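A short write-up of the structure that comes next.
The values are calculated or read from the model by the stated rules, or taken from the named source; none is laboratory data. It should be emphasised that the depicted structure is a prediction, and the values quoted were computed from it without experimental measurement. A quick note on method: Cβ atoms are made from the backbone with ideal geometry, for glycine too, and the neighbour counts reach across all protein chains shown.
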Number of protein chains: 2
Amino acid sequence: MKQINGGICAAKGFKSSGIHCGIRKNKTKRDLALIYSENPCNAAAVYTTNLVKGAPLIVNKKHLANGKAQAVICNSGNANTCNANGIEVAEKTADYLAEALNINPDDVIVSSTGVIGLPLNIEPIKNGIPQLIQELGDNSKQAAEGIMTTDTKIKEIAIEFDINGKKCRIGGIAKGSGMIHPNMATMLVFITTDCNISSDMLQKALSSDIKETFNMISVDGDTSTNDMVTVLANGEAGNKQINADDENFKTFMKALNTVNVYLCRKIVADGEGATKLLECKVEGADTLENAKKCAKSVVCSALTKAAMFGSDANWGRVLCAIGYSGAQVDIKKIDVKFKSAKGEILVCKNGAGVDFSEEKAKEILLEDEIEILVNLNSGEYRSTAWGCDLTYDYVRINGDYRT
Amino acid sequence: MKQINGGICAAKGFKSSGIHCGIRKNKTKRDLALIYSENPCNAAAVYTTNLVKGAPLIVNKKHLANGKAQAVICNSGNANTCNANGIEVAEKTADYLAEALNINPDDVIVSSTGVIGLPLNIEPIKNGIPQLIQELGDNSKQAAEGIMTTDTKIKEIAIEFDINGKKCRIGGIAKGSGMIHPNMATMLVFITTDCNISSDMLQKALSSDIKETFNMISVDGDTSTNDMVTVLANGEAGNKQINADDENFKTFMKALNTVNVYLCRKIVADGEGATKLLECKVEGADTLENAKKCAKSVVCSALTKAAMFGSDANWGRVLCAIGYSGAQVDIKKIDVKFKSAKGEILVCKNGAGVDFSEEKAKEILLEDEIEILVNLNSGEYRSTAWGCDLTYDYVRINGDYRT
């Protein structure tokens, strides 16, 4: 299993593009992206659990009922959510694209991200589709740009793996930044693979993996209305189809997990205003559920996030977040360490502070990737959650997002 | 029922004081407070649900088992939490005070607020007790100052009410600011009354009222380890004792609620870095539970809080927060208005945006007390939650709290 170039176009038979069609005022920002497979794909998706759902998600659930898809179109700048005519616009988008590509509208996945509650004008999308198709090619980066909102960096990855001697590829792009606290699915993540795998097993792989990846990240505790992770598999690698929970499925799961963990880390590291990636690793839990609750509570704590921004080894806030996490834990057994490229330091043993060098702690916490290591010393379960620090820029960005 | 002066010393027979004893480095900051009743009181308290509990809370549960108390001592600057010898220090504090006041140590309520995980030195407290007792008097403001941490304003109130023609008084002080997301109890709130009421009814009144008051506020989603609300009732008003759920109890409940709502609003308005008080009023819910979930989710949403800081009428974030609140609601029926001293404006009708004047909305949202009015149009239940905006100063304060 090795990392390769090409993002979502690394898998055979996938092309993509990203253009500025006019939804966003700034003409230098791409606002429309397309992912297209020459052949029909098995497809799987997971969606936000927010009761307020973007219109595209409602359309996609219908389109993906048969587990098939061939194209993904995504605009940024407008979430197409909480609009009276949202579903109509999402359906028309699929219709226009399907007509131009000469495919079935049901095989189009539609996606939108941006401001909630403003009607989405179909015209720029309709007018942009010809150029979008014309520019289809090995353009993963352009597509990754086209789905960005307040993201500052594109997020893409591809890896190569073997199924019974056949080389397969899987790649993904993501947009994250704010309103990131996924539950069941997260943000926009588009994954392509040429591995031959049935729709059922693809859905099983995705639904299982997100519990340990996208559902374990948080930027700000706000679960978005438009979260979606989708995978397209066109089978062009030529391996015998994976349609059972066997060794090959495990290999595919491992490849998918590698892509997802990579994108998770990129999403939180580029969280709105973030200067640091936080990784909370909890071990020694008596159940997986308790491990997850503790890890997620720590990366969600506004006070812990602000302390990390200030490189302040305020471990009491870590213990506080574990205490209110809902996990049943024995506080008196908890050890806490901070770790980074500069080393690691024990700050709390058996639930109480230990003498430690504030200087050394500061040096460790000044790095931009911080691990918060928690040992509950009560069992064998472990979990990791990812988050980012809380900064002035998060406030600046969100104090005036619409204008 | 009318507001009067005097805070916690308005009720007959209560005295208080607040001094600098040396726990905090800054000598101009009071760090030790005392509340004392000349006669023994019936007492009630509620505590944090955080599994990590400050040592004073563990001691208080023991001391209040008999429903009696006569004095409250509280230090700021150190939470006496997650320390190996915390309980010993809390017990010694009660012992020294009891000896000096010539009362039973079990009748002392101990309280601490400040940094978690640093051992609390008993010496400054021990040495400060004589001065603390010497300065006992009509000094509610000094006590209110003594319990402050990052609070910028003292929080106190007193009101007068009638029980069967007898004038009673009830007053309270509070400290809030950060780590405010109470569950079961909140922050430090000390209430005194000269109303004659049994311990059982006092506890019943308090436990019932906090569900609609302190459990409905949030500054940052972090449930503190040291939250506590306590009421002392010395009976000096001379009314016949309230010991059943009758009209007099209802009058007392109303007085208690008035004090608590006032302190709730003061706590969030003075939330760390806050520039605005947010009050989310949800009506038309099918159950009380759903009303509360929606109201609390809105005031907890980092994105809504940041939008309010920027006076941005981004109502989509309000809907988003309702959507992930866990309440079962019909999104298509929701109306949202923003309101302040400058008027009110409808921004969302039936779950979709309506045309509104951005100028008027800005004018409304530039005020420092904002109401977010949500009508779920699905029933008769209503609930109010209180919060504050998320600002640069919240980040500044918490990025470097310990140093």
**Report entry** 3 or more residues more than 14 Å from chain B (Cβ to nearest Cβ) and under 15 Å from A:L57 (Cβ atoms): qualifying helices (runs of 4 or more DSSP H) within region A:74-153
**Finding:** A:86-101
Requested in this report: Starting from residues that are modelled with pLDDT of 65 or more and within 14 Å of chain A (Cβ to nearest Cβ), keep the ones in region B:177-218 and report whichever is surrounded by the fewest Cβ atoms within 10 Å (Cβ to Cβ).
Outcome: B:N215
Requested in this report: Enumerate the pairs (first residue in region A:114-142 and assigned by TED's automatic domain parsing to the domain that holds A:L188; second residue anywhere and polar (S, T, N, Q) and at pLDDT 95 or above) with beta-carbon separation below 6 Å, excluding pairs fewer than 6 apart on the same chain, so at least 6 apart or on different chains.
Outcome: A:I125/A:T93; A:L132/A:S17; A:E135/A:S17; A:L136/A:S17; A:N139/A:S16; A:N139/A:S17; A:S140/A:S16; A:Q142/A:S17
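Listed here are the residues, each with its yes/no results for (1) surrounded by fewer than 17 Cβ atoms within 10 Å (Cβ to Cβ); (2) within 14 Å of another protein chain (Cβ to nearest Cβ).
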| position | (1), (2) |
| --- | --- |
| A:S325 | no, yes |
| A:A341 | yes, no |
| A:D355 | yes, yes |
| A:K360 | yes, no |
| A:E363 | yes, no |
| A:I372 | no, no |
| A:W386 | no, no |
| A:Y392 | no, yes |
| A:N398 | no, yes |
Requested in this report: Would you point out the residue of region B:288-299, among those that are surrounded by fewer than 24 Cβ atoms within 10 Å (Cβ to Cβ) and touching a helix residue (DSSP H, G or I) at 6+ places or on another chain (Cβ under 9 Å), that is nearest to B:L319 (Cα to Cα)?
Outcome: B:K293
Report task. Tell me which of these B:V261 doesn't satisfy, since it passes every other one: (1) in a loop (DSSP other than H, G, I, E, B); (2) more than 14 Å from every other protein chain (Cβ to nearest Cβ). Result -> (1)
Query raised in the report: Residues in region B:264-302 that are outside any loop (DSSP other than H, G, I, E, B) and more than 10 Å from chain A (Cβ to nearest Cβ): how many?
Result: 26
Report task. Would you be able to tell me the number of residues in region B:53-69 that are buried (at least 24 other Cβ atoms within 10 Å of the Cβ) and not in a helix (DSSP H, G or I)? Result -> 2
Report task. Among the candidates B:D138, B:D151, B:D200, B:D209, single out the residue that is under 30 Å from B:Y381 (Cα atoms), touching a Gly at 6+ places or on another chain (Cβ under 9 Å) and among the charged types (D, E, K, R). Result -> B:D200
Query raised in the report: Restricting region A:303-323 to residues that are within 18 Å of B:T48 (Cα to Cα) and of a type in the set (G, A, S), which is farthest from the other protein chains (Cβ to nearest Cβ)?
Result: A:A321
